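Take a look at the structure below.
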Amino acid sequence: MTFTSIPTKQKGVVVEKTGGPEVLEYKTDLSVPIPGEGQILVKNHLASINYIDTYYRTGLYSSPKPEILGQEGIGTIVSLGPGQNPYNFAVGERVIWLHRGSYCEYSAVSAEKAVKVPDGVSEEDALAAFLSGLTSLTLMKEAYPVQRGNWVLIHAAAGGAGFLMTQILKNIGAKVIGTAGGPEKVNLVKDLGVDFVIDYKGEEGKDWVKKAKQITDGEGVDVVYDSVGQDTWEGSLEAVKRKGTVVWFGYASGPVPPFSIQRLAEKNVKIARAQLFGYIVTREEFDYYTSELFRLLKTGQLKTKIHKTYALKDVAQAHMDIESRRTTGKLLLKP
C-alpha cells in the first residue's frame with residue numbers, strides 16, 4: 001500500500017568526498033528511494049544532526065561515498081516494502097527510526113529499527129531524545145551499570161547526549177560531576193541538578209582532574225563517561241578510582257591515541273569503547289530501550305533541549321556550529 005502522491009525526486013544533502021562542511025552538497029533532484037524487503041519509506045518531518053555525522057563526513061569513520069548522512073529521523077510512513085510486515089506498520093503512521101540517510105525528504109529505512117511514536121510525545125521531543133537518549137540508557141545500564149550513590153564524571157554535560165545523560169543519572173540517584181565550557185553551559189548543567197560542575201574554560205578547568213579528586217575525597221569517580229576523546233582521555237584515566245571504569249563513546253576533539261594496556265594495571269581500571277548499535281542488535285533490545293525512553297519522556301522525567309532547527313539547505317552551517325562546541329542540546333533539520 002502506498003501514497004499515490006509520492007514524487008520521484010526529492011531534496012537532500014549528499015557527501016561525495018570527505019572533508020569539511022563545504023563537502024555537504026544540497027541538491028533538489030535526488031531520486032526518492034523505493035523500499036526493499038524489510039523496509040519502509042518514510043516522509044521525514046524532521047531529521048537530526050549528531051556529532052557522529054561529522055566523523056563520516058571527515059572520514060574519521062569510513063563509509064562509502066557518495067552518501068546521505070544522518071542517523072535518525074521522524075515522519076510518516078508513505079510506503080511499505082514487499083514481503084512480510086512483522087511489526088504491523090501501516091501507511092500514514094508516525095514513526096521514528098534509526099538508519100543511515102536522514103538528510104533528505106524521503107528515506108527507505110529498516111523496519112526493524114523503526115518504532116511508532118506514542119501519543120503524548122511530540123516529534124521534536126522524540127527526535128531530540130532518540131539516538132542520544134538510547135545511547136545514554138545503554139551506556140548506563142550496560143557499559144557500566146550505574147547504581148545509586150555512584151560518583152560519575154560526565155564530560156560535555158551540556159551537549160546533546162550529556163544533557164540527557166545527566167538527567168538520567170540524577171534520576172538513578174548517582175552523584176554527578178559534569179564538565180562544561182563557559183558560564184552559559186555551566187548554568188545549564190547546574191539547573192539539571194548535578195552535584196558539581198567544572199568549567200573547563202575557567203580557572204579550575206586547568207586542573208579538572210585535581211578538582212574531581214578533591215570532590216571525591218581523593219578516591220576518584222566510579223565511572224567516567226567521555227565523549228570528548230583526545231583532549232580528555234589521559235585525565236579521565238587519572239580521575240577514575242581504583243577498580244573504576246572509563247567509558248569512551250565519542251571523539252569530539254579527536255580519537256584516543258594508542259596506549260599501553262599496562263597503564264590500566266596501576267589501578268585495575270576497566271575501559272570500554274561503547275556505541276549504541278552494539279546494544280540494540282535484536283528487536284527485543286531495541287523495543288526495551290525505546291519503551292524506557294518514551295516512558296521517561298511521557299512522565300516528564302526527561303526533558304529535551306533543542307539548540308536550533310535548521311533548514312536542510314543550511315546543514316553546512318549546522319555542522320560548523322556543532323563542531324565549534326558552542327551548542328547546547330540537540331540540532332534538528334527540517335527537510
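No value in this document is a laboratory result; all are computed from the given coordinates. The model shown is predicted, which means the values in this text are computed figures rather than measured ones. Don't worry about glycine lacking a Cβ; one is built from the backbone with ideal geometry, like all the others, and counts go over all protein chains shown.
Taking a threshold of 28 Å on the Cα-Cα distance, which of the pairs 65/334; 43/298; 116/190; 43/141 fall above it?
116/190; 43/141
Can you give me the distance in nm between label points at residue 287 and residue 8, each placed 7 Å from the Cα along the Cα-to-Cβ direction?
In this crude spin-label approximation the distance works out to 4.0 nm.
Would you mind checking the pairs 210/243; 243/303; 170/206; 170/241; 201/303; 9/308 and listing those with alpha carbons more than 30 angstrom apart?
Details: 210/243 19 Å; 243/303 33 Å; 170/206 26 Å; 170/241 20 Å; 201/303 26 Å; 9/308 27 Å.
From the list (210/243; 243/303; 170/206; 170/241; 201/303; 9/308), the Cα-Cα distance tops 30 Å for 243/303.
First select every other residue whose beta carbon is under 12 angstrom from the beta carbon of residue 87; then total the charges, Lys and Arg +1, Asp and Glu -1. Display every interim value, and only then the final one.
Numbers: positive: 113, 116, 283; negative: 93, 112, 287.
In short, 0.
Under a GNM of the chain (C-alpha, springs under 10 Å), which listed residue has the highest mean-square fluctuation: 43, 185, 243?
Maximum fluctuation in the GNM of the chain, among the listed residues, is at 243.
What relative contact order, as a whole-number percentage, does the chain give when Cα pairs under 8 Å and 6 or more residues apart are counted? Walk me through the numbers before you get to the answer.
Numbers: 733 pairs, mean separation 59.5, N = 335.
That works out to 18 percent.
Pulled fully out, how much extra length does the chain show between residue 29 and residue 171, if you take 0.36 nm times their separation in residues and subtract their Cα-Cα distance? Show your work: numbers first, answer last.
Details: separation 142, 0.36 × 142 = 51.12 nm, distance 4.66 nm.
My answer for the length gained is 46.5 nm.
Pick from 48, 110, 62: which is most flexible by mean-square fluctuation in a GNM of the chain where alpha carbon atoms under 10 Å apart are linked?
In this elastic network of the chain, the residue with the biggest mean-square fluctuation among 48, 110, 62 is 62.
For region 158-261, calculate the relative contact order in percent as a whole number, restricting contacts to Cα pairs under 8 Å that are 6 or more residues apart. All intermediate terms of the calculation are to be shown ahead of the outcome.
Working: 152 pairs, mean separation 18.9, N = 104.
Reported relative contact order: 18 percent.
Any idea what the relative contact order of region 47-102 is, in percent, if you count C-alpha pairs under 8 Å spaced at least 6 apart? Intermediate results must be reported in sequence, preceding the final value.
Details: 73 pairs, mean separation 22.8, N = 56.
Value for region 47-102: 41 percent.
Add +1 for every Lys or Arg and -1 for every Asp or Glu among the other residues with Cβ under 12 Å from the Cβ of residue 302, and state the total. Don't jump to the answer; show the numbers that get you there.
Values: positive: 170, 295, 298, 303, 305; negative: 125, 292.
Once all neighbours under 12 Å are counted, the net charge is +3.
Name the long-range amide H neighbours of residue 330: under 5 Å, sequence gap of 5 or more, or other chain; modelled H, no Pro or chain starts.
305, 306, 307
Calculated from the structure, Rg and Dmax of the Cα atoms in Å equals which of [x] 23.6, 71; [y] 20.3, 66; [z] 21.5, 85?
Read-out from the structure maps to [y].
Return the single residue from 137, 98, 296 with maximal mean-square fluctuation; model: Gaussian network over the chain, springs between Cα atoms under 10 Å.
Between 137, 98, 296, it is 296 that shows the largest mean-square fluctuation.
At R0 = 22 Å, how high is the FRET efficiency between residue 16 and residue 323 if r is their beta carbon distance? Nearest 0.05 is fine.
Values: r = 20 Å, r/R0 = 0.90.
For residue 16 and residue 323, the calculated efficiency is 0.65.
In the chain, what percentage of the DSSP-assigned beta bridges are antiparallel, given to the nearest 5?
55 percent
Nothing charged except the Cβ atoms of Lys and Arg (+1) and of Asp and Glu (-1): what's the magnitude of the dipole of region 136-294 about its Cα centre? Round to the nearest 20 debye.
320 debye
How large is log10 of I(q)/I(0) for region 6-123 at q = 0.12, 0.16, 0.18, 0.23 Å⁻¹ when the intensity is taken from the Debye formula with one equal scatterer per alpha-carbon?
-0.43, -0.74, -0.91, -1.28
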